[in-house]
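Report on the following structure.
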Amino acid sequence: MPALLPKVGMRQPKLRYSRAAIAGFLGIGVLLHLLPFYYIISTSLKPGAEVVRNPPTFIPSAITFDAWKLVLRIGDESQIVQLVKEPFWVYFANSAFITVIAVGIGLPVTALAAYANSKLQSGRGARVSFLFFIGTMMVPFVVTLVPMYLLTLNFPFTMPDAPMIPGTDTEFPTLRLWDTPWAVILPAIFVPFNFLLFKGFFDTIPNSVINAARVDGGSELNIFRRIVMPMAVPVFAVTAYMSFGSVWDNFLWQLVTLQSPEKVTMSVATYQLIERLSTAGSTGGGAAAQAEGMGDLLNSGLTWNGMMVLAILQSIPIFIAFLVCREYLLRGIKIRGLK
Amino acid sequence: MGELEVRGVSKRLGDHQAVDDVSFIVASGEFFVLLGTSGSGKSTLLRLICGLETPDAGQILLDGREIHTLPPRQRNLGMVFQDYGLYPGMDVRGNIAYGLEARGGVPKDEIQRRVVEAAGKLGLGEMLSRSTQDLSGGEQQRVALARAMVKDADAFLFDEPLSNLDPKLRHHARRDIVAIHREKKRPSVYVTHDQSEAFAMADRVAVMSQGRVQQVSTPDDLLSAPANTFVARFVGSPPMNLVPAALDAGVARADGVEVPVGSVPGPAASGRVLVGFRPESVRPARNGTAALTGSVIDVEEGLVDLTVRFATADGVEVTAVVEDDLRLAAGDPVAFDIDGPVHLFDADTEQAIPRA
C-alpha cells in the first residue's frame with residue numbers, strides 16, 4: 001500500500017510545513033465530502049419531529065429506527081398506501097432487473113463494437129464509424145428526450161400512427177416500449193463513453209497478437225473471448241461500474257417512460273414519495289384534502305427521515321459495486337484519465 | 001507431402017504495387033527464403049500466403065488446394081511473426097496450446113502432451129507456467145517458435161523472426177528453426193533482409209525488389225550467376241562491381257577499362273554492356289597490361305584483407321578486396337587485373353547476357 005503522500009523531503013522543515021498544509025487541505029475536502037453522508041445517516045435515525053426542527057440538529061437527540069421500520073413496511077401499512085402503492089422491495093427489484101439486463105447486454109455489445117472498430121475495420125470506414133458513435137455523445141440528453149419518448153410509444157416510428165405498408169392496407173407492425181422495462185434498458189445498452197474506453201484499450205493491443213491468433217486458427221469471436229477479454233478485465237470493471245451507476249441512478253428517463261406503479265424504479269418511487277410529502281397538506285385539493293393528506297403523513301410518521309432511509313438503500317448497490325470493482329477501478333484510473 | 005505454390009500473385013496497397021505478378025513453387029521439405037530490402041514486398045507476400053491479406057490477382061495453392069480464398073484460420077499454417085505476437089494474457093503453456101485448442105478436435109491430454117513435447121525441444125520445459133511478459137527476448141522467440149511447430153501445420157512461414165534478437169542468440173535461433181524445418185519436412189517460407197541468414201539457411205532464395213521476384217535460385221547461383229544488375233548489386237558484401245563498357249571483339253572497353261570477356265553470342269556482341277565482377281576477384285596487375293586503371297579514393301584495412309576503392313578515368317567507382325599488403329593513399333594511381341568470373345549485363349535492360 002503506497003503512502004497517501006510521498007515521503008519526499010521530510011527532513012526539510014519548509015517541506016514539512018507544506019506537507020502538513022496539503023494534508024490539512026485534503027482533509028477538509030474529505031470532511032466536506034463525508035458530511036452529506038453523515039447527515040443522511042443521522043437524519044434517518046432521528047425521531048420524526050426532530051427531522052423538521054429548525055435550526056436543524058447535527059447530532060440526533062435520540063436514536064430511533066422508526067423510519068427504517070416504516071420504510072420496510074411501505075405497502076403493508078394502510079396509512080402509507082396512498083403515498084406509495086407497493087412495498088419498497090418491488091421498486092428495488094425493478095431497478096435491479098433493469099440495471100442487470102442493461103449492463104449484462106450493454107457491456108458485451110459496447111465492447112464488441114469497440115473491438116470491431118479497433119481491429120476489424122480500417123482506414124476511412126473505421127474513422128467514419130468511430131466519429132458516428134462518438135458523435136452521439138455530443139448531443140445533450142435533453143435534446144433527444146422528446147424524440148426518444150415518441151420512439152418508445154410506437155417503436156420504431158416517432159409518429160403517433162405507424163405508416164402503411166405500401167400496396168397493402170395494413171400498418172407496419174410496431175412495438176409499444178413505453179411503460180415497459182425495455183424502454184429504459186434499450187437506450188442504455190450502447191454507451192458511447194464506454195465505447196471510447198474500450199476502443200482506447202483495444203488500440204493498445206498490437207495487431208501482431210491478433211494476427212498471430214488468426215493464423216493460429218482462432219475465429220474472431222474466439223480470439224476476442226480467449227485472448228482479448230482476459231487482457232481487458234480492468235476496462236470491463238471500470239465500464240461495468242460506470243454503467244451500473246448510471247442506469248441505477250438514472251432518474252429523468254425512467255420518470256418519463258415508467259408509469260404503472262408496479263413498474264416504477266427506486267429513484268422514481270423515491271421522487272414520488274418526496275413529491276407527495278412536500279405537496280401534501282400544502283397546496284391544491286381544497287382544505288379537506290389538505291387536512292386528509294396531512295393527517296396521513298402525521299399518522300404514518302413518515303417524513304424526511306424516511307427519505308433518507310430510501311436514499312441509503314438506493315446507495316447500497318452502488319457501494320457494493322464499487323467494493324467489487326475497487327482494485328480494477330484504481331488500475332483503470334491509471335489506464336485512462338477518468339474522473 | 002504437399003508443396004506450396006504461388007501463381008501470378010499481385011497485390012496493391014494504396015497506390016503502391018506491393019506485390020507484382022509473383023510466381024514460385026516451394027517443394028515439400030524445402031527451405032525457401034524471400035530476400036529483399038524493406039518495402040520490396042516480401043512481407044506482404046507472406047501476409048498473402050497466411051491470409052492476412054487477399055491477393056488482387058493470382059492463386060496460392062497448398063498441397064494442390066486453393067487457399068487464397070480461405071480465412072487464415074482454415075489454412076493450417078504455422079507462422080512466426082517478427083515481434084512474435086505472443087498472447088499477453090496467457091502463460092507460456094496457454095500460448096503454445098491456443099492454436100490446438102482454438103481449432104478444436106484435439107483431446108485435452110493430447111494437447112498437453114504435444115505442448116510439453118514442443119516446449120521441451122526448445123528448452124522451455126521449465127517455463128510453461130510463466131507469464132510471457134517475464135521472458136527474455138530469446139525465450140519469447142522460442143515460445144513463438146514452439147507455438148508454430150506444435151500444430152501439424154501444412155507449411156511454415158517466418159517473418160523476420162530473428163531481427164529482434166542480439167547476434168549471439170540469433171545464431172542459436174537459426175539452428176532451432178532449421179532443426180524444426182528438417183523434422184517437419186514441410187515447405188517453409190522465410191522472409192529476411194539479412195543475406196547471411198538467407199545464405200546460411202536457404203535451400204533456395206528468391207530475391208525481391210519493388211514487388212517483383214528478381215531471381216529464384218540456390219544461394220551459390222545468386223553469387224555466381226546473378227540474373228540482373230539488381231541481384232548483382234544486392235547480393236554479396238561488398239557488392240559486385242558494375243562498370244559500363246562497350247564490347248569490341250571479345251574485349252569490354254572504356255577509358256581505363258580493358259576486360260577480355262571472350263566471345264559473346266547474339267545481338268549484344270557489339271553493344272554497350274555493364275561488366276560485373278566480384279571485388280574479391282580483383283588482383284593487382286603483375287605485368288604491363290592492366291584490366292583496370294584508376295586512382296585511389298580511399299583504403300579500408302580489414303582484419304586479413306584490404307578494401308580499396310578507386311575511380312576509373314570515367315569516374316566509375318570500383319571496389320577491390322585484396323589480400324596483399326599494398327601501401328596506398330588517396331589519389332595514388334593503381335592498376336588491377338581481374339582473376340575470376342566476369343559477368344556481362346545489357347546496359348539497357350540490366351539483364352544478364354548469357355554466355356557460352
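The values are calculated or read from the model by the stated rules, or taken from the named source; none is laboratory data. Computed from a predicted structure; not experimentally measured. In this analysis, Cβ positions are derived from the backbone assuming ideal geometry, glycine residues included, and neighbour counts consider all displayed protein chains. Surface areas here come from the heavy atoms of the whole protein model, side chains and all, with no ligands, DNA or RNA. Shrake-Rupley method; radii C 1.70, N 1.55, O 1.52, S 1.80 Å.
Things worth noting here:
- Index of the failed condition, B:Glu126 passing every other in (1) in contact (Cβ under 8 Å) with a residue 24 or more places away in the chain; (2) away from chain A (no Cβ under 12 Å): (1)
- Check on A:Gln254, open to solvent by 60 Å² or more (accessible area, probe 1.4 Å), within 25 Å of A:Leu150 (Cβ to Cβ) and at pLDDT 85 or above: no
- Residues located in segment A:156-185, provided they are open to solvent by 80 Å² or more (accessible area, probe 1.4 Å) and within 18 Å of A:Val256 (Cα to Cα): A:Met159, A:Pro160, A:Leu175, A:Arg176, A:Trp182
- Annotation: B:Ala320 fulfils all but one of (1) under 30 Å from B:Val9 (Cβ atoms); (2) in contact with a Phe, Trp or Tyr (Cβ under 7 Å, 6 or more places away or on another chain); the unmet one is (1).
- Of note, B:Val205 satisfies the criterion of being assigned to a strand (DSSP E or B) and in contact (Cβ under 8 Å) with a residue 12 or more places away in the chain.
- Total residues in segment B:87-110 satisfying the condition of being closer than 21 Å to B:Met127 by Cα and within 7 Å of chain A (Cβ to nearest Cβ): the figure is 5.
- Top-ranked residue of segment B:322-341 - restricted to ones that are of a type in the set (Gly, Ala, Ser) and within 10 Å of B:Ser295 (Cβ to Cβ), ranked as least open to solvent (accessible area, probe 1.4 Å): B:Gly331
- B:Tyr87 in a loop (DSSP other than H, G, I, E, B), of a type in the set (Ser, Thr, Tyr) and crowded, with 18+ Cβ neighbours inside 10 Å: yes
- If you go through segment B:65-86 and pick out every residue that is more than 30 Å from A:Pro234 (Cβ to Cβ), facing chain A (nearest Cβ under 10 Å) and not hydrophobic (A, V, I, L, M, F, W, C), you end up with 5.
- Among the candidates B:Val231, B:Val243, B:Val259, B:Val213, residue that is among the β-branched types (Val, Ile, Thr) and without any contact (Cβ under 8 Å) to a residue 60 or more places away in the chain: B:Val231
- Residue tally, condition open to solvent by 10 Å² or more (accessible area, probe 1.4 Å) and of a type outside the set (D, E, K, R), over segment A:207-221: 5
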